[in-house]
Every structure is written in C-alpha cells, then in structure tokens.
Amino acid sequence: MSDPIEHAVAEFRTTCAAIHGELSRVIVGQRDLLDSVIIALLAGGHVLLEGVPGLGKTLLVRTLAQALDLRYSRIQFTPDLMPADILGTNLIVQDETGRRRFEFQPGPVFSQIVLADEINRATPKTQSALLEAMQEHAVTIAGQSRHLDEPFFVLATQNPIEMEGTYPLPEAQLDRFLFKLRVPFPDLPDLHAIIDRTTGVEDAAAHRVVAGPAVVRMQALARQVPVASHVRDYAARLILATHPDSDAAVETARRYIRYGASPRGAQALVLAGKVRALSQGRLNVAIEDLQVLALPALRHRLILNFEGEAAGVEPDDVLRAAMAELDAREIRAREG
Amino acid sequence: MNEEARGVHEVLARVSFRLAVGIVLGRTVRAAAAASVLALIWALATVAVPIPPPPPRAGAALLLVLLASFPVLVWLWRPSRLAAARAVDGRLGLADRLSTAVELLAQPEAPRGLARVQIVDALRAAWRFSPAAAAPVRFPRETWAFLAACAGLALWAHFLAGWSVPGWPAARTAGVIHREGQSLVTLGQRLESQGQARGLPETRRAAGLLQDLGHRLQDPRTSRSAALAMLGGAGRQLRSAQEAVRRRLGAAAPAGNKGNAVAEAPSAGTSPNDADRLEGALRELQSVTQQLREEGTHETPAHLAFRLRGVVESLDRMRVPPASRDVVSAARRALEEGRLSAATSALGDAAQDLRGMERMLGDAQGVGEAGRLVQRSADQIAAGGPLGNGLRSGERELSGAAPPQSAPGPNPPTASGARETAPPPGPNQGSLPGQGAGRPLGAATPRLGEHGVEERLSGIPGEGPAITRDLLAPGRGGTSRLPAVRPPADVAHANDRAIAREDLPPAYVTIIRRYFEALGEPR
C-alpha cells in the first residue's frame with residue numbers, strides 16, 4: 001500500500017463508498033440511482049433525471065452537494081425563463097464616488113452542482129444556454145468567456161407524464177448528458193422508511209465527505225484506468241449495433257431506430273466504465289461494466305422511428321437486444 | 001515484473017494447451033457422435049431396405065485417424081495467450097483482469113502508473129488459480145450420444161444384423177437370397193448324383209461347392225453384399241475348374257481342332273450333342289464288341305465293319321483324340337480282313353479312351369451348368385428388391401451385363417431360354433440312362449432287323465403358333481324325355497341383359513349369345 005497510486009486507488013474506492021453512504025442516510029433505497037449519479041460525477045459528466053414528482057430528485061442533488069461540500073444552485077425552469085437568468089448578466093453599478101460601471105452578476109450556473117429542475121419546461125433558447133456550460137465548462141457573456149469552477153456537475157430533471165406545454169430537449173442537448181437515469185418509484189419497505197425518516201423530529205442530513213479538489217483528482221485518476229482492446233471493441237460494436245444502416249446492426253435496431261447512438265455514447269460508456277471499475281476496486285474496465293452502464297449511457301441517444309414510437313418500443317429494449325446479440329456473436333465466435 | 005510476467009505466461013500457456021485439448025476433444029467427440037449416429041441409422045435402415053451394412057473397417061479407420069490427428073489438432077487449434085486470458089477471465093469471473101494485463105504486457109513501452117498497478121493486480125489473481133480449474137478438460141454432452149450409438153451398433157451387430165422387417169424391400173431381397181440358396185442346393189444335389197453315377201470328379205467337387213454355398217445363402221442373416229461376395233468367390237472357383245477341364249479337353253482334342261475347342265469351351269463348355277454322340281458311339285462300340293465276343297453272332301463281320309464305319313464318321317464330327325478314332329478305324333479294317341480277335345482288342349482300347357473323354361465332357365457340362373447357375377443367382381440377388389437397380393460398381397461387375405429386373409413377386413418371371421437351368425429333380429429322377437444313382441445301365445438291346453439311323457432335327461424346341469377356332473356344334477344327343485322348346489321371351493331377354501351386364505370382350509359376347517341361341521333351337 002506504500003505505492004501512491006495504489007493508495008489513490010484505495011482512497012477512490014473508500015470515497016465512493018463514503019459518498020454513497022452519506023447519500024443513503026438521506027435518500028431511501030434507489031441504490032442503483034445513487035451509484036449512477038456518483039459515477040457520472042466522477043466521470044465529469046452530467047445527468048438527466050427522469051421521474052414523476054416527489055421521488056426525491058431535488059433532495060438527491062442537495063444531499064450530494066452537502067456531501068461533497070460544493071456550491072449548489074437550483075434553477076426552476078419555466079417557459080418565461082431567459083438565458084440571462086441562468087448565465088448571469090452585466091448590471092450597472094454605482095460606486096462610492098458616483099461612477100457607474102458594468103459589473104457581471106453571475107447566474108446560478110456559476111455553481112458546482114446545478115439542479116436544472118424540469119428542464120423541458122423552458123424554451124429551447126434557454127435550454128441551449130446550458131449547452132456551452134455543460135460541454136465546455138465555461139460560458140460566454142458579452143463576448144467574454146468565463147470558466148466555471150471544477151467540478152461542474154449538472155443534474156437536470158424532467159417529468160415524463162406532464163408533456164403539455166413542454167419543450168422536449170433536442171438531440172444535441174440530450175447527447176451532452178452522460179447518463180439519463182430513470183428514478184423508480186419506491187417499493188413498500190422503502191415507502192415505510194421514507195415516512196419514518198421524513199416525519200420524525202430530526203431530519204436526516206449528510207455530512208461532508210470530500211471536497212471539490214479531491215473530486216477533481218478522482219476524475220483524473222479514473223481516466224488512467226486501462227481498457228483492453230476487446231472491451232473497447234465491445235463498446236464500439238454496441239454503438240454500431242444501434243445504427244440501422246450499419247452492417248453490425250441488430251434486427252430490432254433496423255426496425256425501430258431512426259438514428260443510433262453517437263460516438264459520444266461510446267466515450268460516455270467507456271469513461272463511466274472506468275469509474276465503475278475503480279469504485280469496485282478494479283483497475284481495468286470489464287465488459288460487465290459496459291453492460292451495466294449501457295442503458296443509462298445510451299438510452300437517450302437512440303431516436304426511435306415512427307414504427308418504434310407507434311409500437312411503444314423503448315430504447316432500453318433495443319439496447320438489451322443489441323447486447324444479447326453481441327453476446328451470442330461472441331459465443332459463436334468462441335465456439336466456432 | 002518480468003519474472004512475474006513470465007510466470008503468468010507459463011500459466012497461460014498451460015491454460016492454452018488445456019483449452020486446445022478441450023476444443024479438440026469436443027469437436028472430435030461431436031464428429032464421432034455424428035458419425036456413429038449416422039452409422040446406427042444406416043445399420044437400422046438395413047432391416048428395411050436392401051443396402052449393404054456399414055463397414056466396420058471404415059469406422060475403425062475413422063477412429064484411428066481422429067486419434068492420430070489429435071496432437072496435431074491440439075497444436076493447430078491452440079488459442080493465443082490473449083484468448084486464453086479471456087477464457088480464464090470469463091470462467092473464473094476475473095472481470096477481464098488477465099486479458100487487460102496481457103495486453104498491457106504486450107505493449108512495447110513499460111507500463112506505468114495505473115497500468116502497472118493493474119498488472120500487479122492481475123498477477124495476484126493469476127497466481128490464485130490453477131490451469132485445471134481455469135480450463136477443465138471435460139467430455140462434451142455429445143459423448144453420451146456417441147456411447148449410445150456405439151452400444152446401438154453393437155446390439156445391432158449381435159441381434160439385428162441380417163434381420164429384415166417382413167414386407168419391406170429388405171425382406172424381399174432376403175427372400176430372393178434364400179430362394180437362390182435353395183436352388184443352388186437342389187442343383188448341387190443333382191450334380192452330385194450325376195457325378196457319382198458317371199464318375200465325374202470335377203462335377204462332384206462343383207456340386208459340393210454349390211451345396212455349401214446354397215446352405216450359407218439360406219442363412220437368414222446373409223446380407224446381399226455378403227451373398228454377392230460368396231457367389232463371386234464360388235464363380236471364380238467354378239471358372240477355374242472349368243478352365244482346367246477345358247485345358248484337358250483341348251489337350252485331348254485333335255491338333256486341328258484345339259483352337260476351336262479352347263475357343264468354344266469357355267462359353268458353353270461342351271455341347272450336349274457331343275456328349276450324346278459320344279455316348280451313342282460308346283454304346284455302338286460296346287454292342288459291336290459284344291457281338292464279336294459272343295459265339296454265333298447274328299451279324300456278319302462285314303455288317304459289323306459297316307457299323308464301325310458309322311462310328312468312325314460320328315467320331316470325325318466330334319473332337320475326340322485322333323488315336324481313338326484311328327483305333328476304331330484299325331478295328332474296322334481288322335473286321336474287314338477277318339481278324340476278329342485283333343478287332344475285339346482294338347475296340348476295347350477305343351472304348352476305354354472314349355469313356356475318359358466322356359467323363360471330361362460330363363465334367364465340362366456339369367461345371368459349366370454350375371457356373372451358369374451361380375451367375376444367374378448373382379444376377380437375381382443383385383437385382384432383387386426395389387432398390388436392386390442401385391447396384392454398386394462391384395456388384396454390377398459381379399452381376400455382369402444383366403439388365404435390371406423388377407422385384408420378383410409371387411410368380412417371378414423366368415429367365416430367358418439360354419439362361420434357364422434344368423428343373424429340379426422330381427421323384428423319379430435318375431431313371432434316364434446315365435443319370436441314375438444306381439448301377440450304370442448297359443448297352444441298349446439291339447432290335448432284330450433294325451439298324452439305328454441317326455436323325456437330326458433342326459430348329460429350337462418350343463411352343464408352336466397357337467391357333468384358336470370357334471367351334472359351334474350341337475351337343476351330344478341326350479336322353480331327355482322333354483322336348484326342347486324355345487325359351488320364353490322374358491327369359492331370353494333376361495339372358496341378353498345378363499350377358500350385357502358382364503364385362504366381356506364384344507367378340508365373346510357374340511359367341512356366348514349365339515351359344516345360348518343354339519341351345520334354344522329345336523332339334
């Protein structure tokens with residue numbers, strides 16, 4: 001354990017477990033959701049949370065900010081929200097001598113953890129204001145580029161059932177999210193635990209586990225995890241299997257998919273796989289990591305065609321079929 | 001790091017070897033299982049259709065080839081180190097640790113940072129497993145199919161080989177084989193009796209061969225290929241015997257006729273006319289000799305010399321040794337000159353020579369007949385059953401150029417006249433001269449005042465043209481006490497309708513109607 005890298009790896013795993021523990025003190029159940037959020041954070045990506053109201057999405061983000069001791073802001077997206085309301089604006093400020101000058105008033109995006117609540121209720125113009133921030137970790141206002149503090153982590157939420165008066169996110173913006181996570185409804189024991197935990201005298205609160213610079217170091221460490229060629233090949237073939245025009249496409253994709261996952265999907269898959277491997281104390285990415293992460297990493301990158309929409313096909317079904325076909329091809333190649 | 005890496009490589013090499021053994025074992029057993037199942041199906045099909053059984057030598061050869069090629073295939077199909085590492089990862093749940101480490105070790109630059117730690121982690125995992133656990137060599141599931149098929153083949157060989165389902169083509173072919181065996185036994189018995197009666201050694205040997213062959217063909221488990229092989233062997237033996245007889249005949253024949261004798265013998269042996277003529281000549285010689293030995297003969301020497309002239313002419317037409325003919329000629333001259341004792345002695349010598357010739361001709365005839373029957377049986381068996389047309393090349397060679405025949409039914413068509421063999425012996429078999437089982441008959445009793453005249457009938461014995469003629473005549477007058485009257489009109493009408501209802505040729509209808517009308521006419 002005297003090796004600094006081995007020490008860093010061990011610390012990575014310990015920190016992940018600690019973050020997960022702190023989140024679990026507040027959030028009841030949702031173990032996979034918490035794991036995925038932590039992976040996305042340490043992979044430097046952003047998360048789109050999809051779930052009905054009242055499932056603890058906002059609480060999750062707030063608790064995460066508490067556990068990481070990061071600046072947290074919440075933006076409630078509404079149709080009249082303007083880009084400047086997010087990014088900030090230059091205000092005329094009068095100093096003590098009476099001189100007036102423009103002073104930049106940063107918007108809520110200048111935080112480290114941003115909750116974009118009901119992001120699909122804002123207009124596309126406002127939604128796109130987040131694009132540069134999410135991709136470049138910087139915003140440009142009045143010709144001046146301003147960097148955001150690291151780590152910068154956006155969690156956007158959207159309600160899948162109230163679609164009236166909403167503006168669905170365009171594909172370009174969807175592609176910038178590392179994961180699209182579905183927040184499941186809690187089962188009966190979890191509901192009991194929620195009731196007990198939130199209606200008592202004391203509110204559960206998360207304690208600080210790690211600071212922002214440590215998160216940045218963990219992000220850097222995760223990128224060093226080696227990836228074997230066949231694992232990388234699996235990720236690439238999985239992406240190609242979702243493209244209906246590709247020779248490697250599976251039958252379900254040919255039938256129900258209009259556009260397959262982008263190369264950014266393969267990047268997200270491998271990067272998230274590295275974090276997952278390290279969080280489990282492993283020093284290499286396994287195919288199993290990719291299989292576990294394929295649904296959250298790719299489901300929002302597939303665009304169904306009319307037949308798929310009409311048949312009620314979910315992108316998850318296509319991805320499961322693609323993985324099953326890849327496994328079958330692998331077995332055939334091994335035996336044949 | 002290098003030593004540990006070498007250790008991992010050694011472990012992976014052993015894993016690779018075990019994986020290759022497993023792959024080759026699996027494929028070999030699957031191939032053997034498929035082959036054995038096919039052989040079992042083939043063997044079981046022999047009880048239904050007349051096909052040759054699966055050759056056991058081919059199966060043994062295939063097994064030997066698979067065993068001999070095993071090490072070569074293991075070497076050829078040995079997976080790479082990376083593939084072995086991936087297999088170990090998958091089987092031991094190492095989550096691609098080893099395969100990643102093998103790739104990192106294969107890179108030209110030395111691994112650093114997290115890659116180096118990953119290799120160390122993989123090495124720790126590698127030292128924890130044994131190659132046997134990572135790549136266990138197991139027989140595939142198809143082994144049971146292979147063993148079951150082998151057991152089925154063994155059971156088939158012991159209990160079902162040669163057995164056939166009644167009513168199926170194989171049973172019909174077995175029936176043909178059995179029937180041919182019976183006919184061979186019957187002919188063998190007949191030839192045996194002939195050989196004993198006439199002292200024909202080659203014929204008796206051929207008879208024994210035919211009877212033994214017939215008994216073996218009557219074994220219900222004799223397959224068609226085995227029957228054809230047995231018939232082929234018997235045919236070769238008979239041809240060899242026929243050749244020997246032909247050579248002896250050729251040696252005995254006059255110099256000018258040797259070529260003809262050799263040329264004619266293979267096809268038909270000797271002609272039955274030759275044997276008959278020879279027998280007639282022998283009988284004539286014995287008669288003349290007896291006349292000479294008896295006191296008070298009824299015939300004059302000149303008359304006897306005239307009879308000997310006829311014998312000499314008959315011998316000229318046959319291919320007998322010239323010495324025998326010369327002896328008969330000398331006897332004739334002695335008779336003409338009145339030297340009766342010299343003539344008697346010469347005739348005795350000539351008769352002895354001709355008896356030897358007669359035995360050779362009889363052997364040739366008997367062996368030839370046996371050979372023809374064996375060939376006919378081979379043809380029948382080769383063409384027997386609905387699949388008889390699908391003969392293999394070897395079988396077709398054995399069966400000669402015989403055209404394929406349909407399956408023999410309850411009344412199988414007889415062969416052509418040239419190939420037809422003699423009918424089986426009846427209860428009075430052996431009553432003809434030279435064919436009986438008892439003491440040979442002596443010379444025919446001469447009839448007073450009659451001289452034998454040899455008549456030659458030309459043509460082929462057989463049925464003549466068939467001629468039919470309508471015969472309309474009144475029946476024989478009876479003793480009826482009732483006068484014949486015309487039948488009533490309704491009876492005649494009913495009669496006509498009954499005739500019309502029957503499915504008869506129109507010409508017959510007219511004949512039948514006229515017959516009934518003739519019955520009703522008053523006489």
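Read-outs throughout are calculated quantities, based only on the coordinates presented, and are distinct from any laboratory measurement. Because the structure is predicted, anything quoted here is derived from the model rather than measured. No Cβ is skipped: glycine too gets one built from the backbone with ideal geometry, and neighbour counts run over all protein chains shown.
With a 10 Å Cβ neighbour count serving as the proxy for reagent exposure, in which order, fewest first, do A:82, A:323 appear?
A:82, A:323
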Pull up the DSSP beta bridges for region A:1-224 and report the antiparallel fraction as a percent, rounded to 5.
40 percent
Region A:147-171 scanned against label point 7 Å out from residue A:258 along Cα→C-beta; backbone N under 16 Å for A:168-171
Under 18 Å between alpha carbons, and skipping anything fewer than 8 positions from residue A:57 in its own chain: which aspartates and glutamates qualify?
A:22, A:32, A:35, A:117, A:118, A:162, A:187, A:190, A:203
Where does the charge balance sit around residue B:161 when Lys and Arg score +1, Asp and Glu -1, over other residues with C-beta under 12 Å from its C-beta?
0
Just A:99, A:13, A:223 to compare: in a GNM of chain A, with alpha carbon springs under 10 Å, which one fluctuates most?
A:99
Can you find, among A:211, A:9, A:145, the residue farthest towards the positive end of the dipole of chain A? Put +1 on the C-beta of Lys and Arg, -1 on that of Asp and Glu.
A:145
For residue A:166, put the label point 7 Å out on the Cα→Cβ axis and report which residues of region A:38-73 keep their amide N under 18 Å from it.
A:47-59
What list of ³J(HN,Hα) values in whole Hz, one per residue of region B:185-201 in order, does the Karplus curve 6.51 cos²θ - 1.76 cosθ + 1.60 (θ = phi - 60°) give from phi, with Gly and Pro shown as x?
5, 4, 5, x, 5, 5, 5, 4, 5, 4, x, 5, 5, 9, x, 10, x
When the dipole is taken about the Cα centre of chain A, and only Lys, Arg (+1) and Asp, Glu (-1) are charged at their Cβ, what size is it in debye, to the nearest 20?
620 debye
Charged-residue dipole, Cβ positions (Lys, Arg, Asp, Glu), region A:226-336 about Cα centre, Debye nearest 20:
420 debye
Please check: in the Gaussian network model of chain A (C-alpha springs, under 10 Å), which one of A:230, A:20, A:46 has the largest mean-square fluctuation.
A:230
Helix axis angle, A:287-298 relative to chain A longest principal axis, alpha carbon, degrees
50 degrees
Most fluctuating residue of A:244, A:213, A:189 in a GNM of chain A with Cα springs under 10 Å: which is it?
A:189
Within 10 Å of the Cβ of an average residue in A:222-234, the count of other chain Cβ atoms is 5
For region B:2-160, with only Lys/Arg (+1) and Asp/Glu (-1) charged at the beta-carbon, what is the dipole magnitude about the Cα centre, in debye rounded to 20?
120 debye
Residues B:156, B:144, B:42, sorted so that the one with the fewest Cβ neighbours within 10 Å comes first
B:144, B:42, B:156
Aspartates and glutamates whose Cα lies under 15 Å from that of residue A:125, excluding same-chain neighbours fewer than 8 positions away:
A:80, A:85, A:171
The simple spin-label model distance between residue A:216 and residue A:80, using points 7 Å out along Cα→Cβ, in nm, is 3.9 nm
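From largest to smallest, what semi-axes in whole angstrom does region A:1-224 give when each is the square root of 5 times an eigenvalue of its alpha carbon gyration tensor?
Here the semi-axes work out to 30, 24, 18 Å.
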